[in-house]
């Protein structure tokens, strides 16, 4: 194991950020993430848990905010429907240089909180 990361997001607080900063979603999330999240009546929970996943990935890789672009960490669904992480650009380079060969992701959310756990192997 190379690292573990966990992050918890307050959904209402995240909703307020999305309302105040109209273009932040395009800076934080990939087109695929936005398409998936916007299929929900209220996409905030799905967006919040993906934001938590991005921060948990950074922690598992041993870096802080600003070290890699948020859009370089993408939450996808694997063929079985399980959430997974796909790395791009600087995040993929950092993981490769750190010897990471796999990332394991677990997500959970309610109307109040969104949490993600990442294990880097």
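The values are calculated or read from the model by the stated rules, or taken from the named source; none is laboratory data. Values in this document were obtained by computation on a predicted structure and should not be read as measured data. Glycine also receives a Cβ, built like all others from the backbone with ideal geometry; neighbour counts cover every protein chain displayed.
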Residue count, the range 68-112, condition assigned to a strand (DSSP E or B) and either within 20 Å of residue 44 (Cα to Cα) or without any contact (Cβ under 8 Å) to a residue 40 or more places away in the chain (or both), comes to 16
Residues of the range 1-55 being surrounded by fewer than 16 Cβ atoms within 10 Å (Cβ to Cβ) and assigned to a loop (DSSP other than H, G, I, E, B), in sequence order, are 1, 21, 22, 23, 38, 39, 40, 41, 42
So residue 111 clears everything in (1) at pLDDT 95 or above; (2) within 20 Å of residue 6 (Cα to Cα); (3) surrounded by fewer than 17 Cβ atoms within 10 Å (Cβ to Cβ); (4) in contact with a helix residue (DSSP H, G or I) (Cβ under 7 Å, 6 or more places away or on another chain) except one condition, right? Which one?
(1)
Mind counting the residues in the range 9-45 that are touching a strand residue (DSSP E or B) at 6+ places or on another chain (Cβ under 7 Å) and touching a residue at least 60 places away in the same chain (Cβ under 8 Å)?
4
Residues in the range 56-89 that are crowded, with 21+ Cβ neighbours inside 10 Å and over 17 Å from residue 25 (Cβ atoms): how many?
7
